[in-house]
Amino acid sequence: MVKVAIYPPNSLILADLIERKGHTPLVLQKQIRQKIKDPEIDSPPMNITEDDPIQGLKYAAIEVPSGVRGRMAIIGPLIDEAEAAIIVDGAPYGFGCIGCARTNELSIFLLRNRDIPILEVDYPTNQDETYVMVNNINEFVDSLEEKVEEE
């Protein structure tokens with residue numbers, strides 16, 4: 001089983017495709033769930049712990065806007081944990097979105113700089129392109145299974 005980072009990291013569609021193939025999607029929802037269930041946080045999900053801004057500094061400098069550091073405190077560990085990645089370029093907000101262009105750029109930059117298999121696909125604009133995208137993702141995930149079996 002391979003841990004696959006997906007981008008946008010809150011895309012339920014991508015997460016479902018990965019899970020159906022028996023792998024673990026590294027998604028934002030699971031990170032947020034941990035924060036909400038944390039007894040240290042008084043009124044989830046509005047509050048953060050004292051460690052969150054410090055964790056964000058691992059991925060973004062102090063001069064970077066605080067919102068980017070806060071988002072990277074959650075997204076960064078997903079990137080670190082990834083053994084493979086799927087990036088969908090040009091996806092609309094409804095497909096999954098961080099809502100912050102700088103966080104998007106930084107996250108994709110960090111994923112591309114990892115020494116892991118990465119599939120980049122464009123968001124489809126019609127039904128035929130959708131079939132091609134899903135087939136490309138399935139083939140990529142199947143190739144990950146073959147690499148795991150070889151090891």
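The values are calculated or read from the model by the stated rules, or taken from the named source; none is laboratory data. Bear in mind that the values here come from a model prediction, so they are computed numbers and not experimental data. In this analysis, Cβ positions are derived from the backbone assuming ideal geometry, glycine residues included, and neighbour counts consider all displayed protein chains. Each accessible area value is taken on the protein alone, full model and side chains, heavy atoms only, with ligands, DNA and RNA left out. Shrake-Rupley method; radii C 1.70, N 1.55, O 1.52, S 1.80 Å.
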- Query: Taking residue 108 and the conditions (1) farther than 13 Å from residue 2 by Cα; (2) open to solvent by 40 Å² or more (accessible area, probe 1.4 Å); (3) at pLDDT 90 or above; (4) not charged (D, E, K, R), which numbered condition does it fall short on, given that it satisfies the others?
  - Reply: (2)
- Note on the structure: Those residues of the range 49-72 which are without any contact (Cβ under 8 Å) to a residue 24 or more places away in the chain, of a type outside the set (Ser, Thr, Tyr) and in a loop (DSSP other than H, G, I, E, B) amount to 50, 57, 58, 61, 62, 63
- Top-ranked residue of the range 19-60 - restricted to ones that are within 17 Å of residue 4 (Cα to Cα) and aliphatic (A, V, I, L, M), ranked as modelled with the lowest pLDDT: 28
- Task: Scan the range 73-100 residue by residue and report those that are at pLDDT 90 or above, surrounded by 15 or more Cβ atoms within 10 Å (Cβ to Cβ) and not in a loop (DSSP other than H, G, I, E, B).
- Result: 75, 76, 77, 78, 79, 84, 85, 86, 87, 88
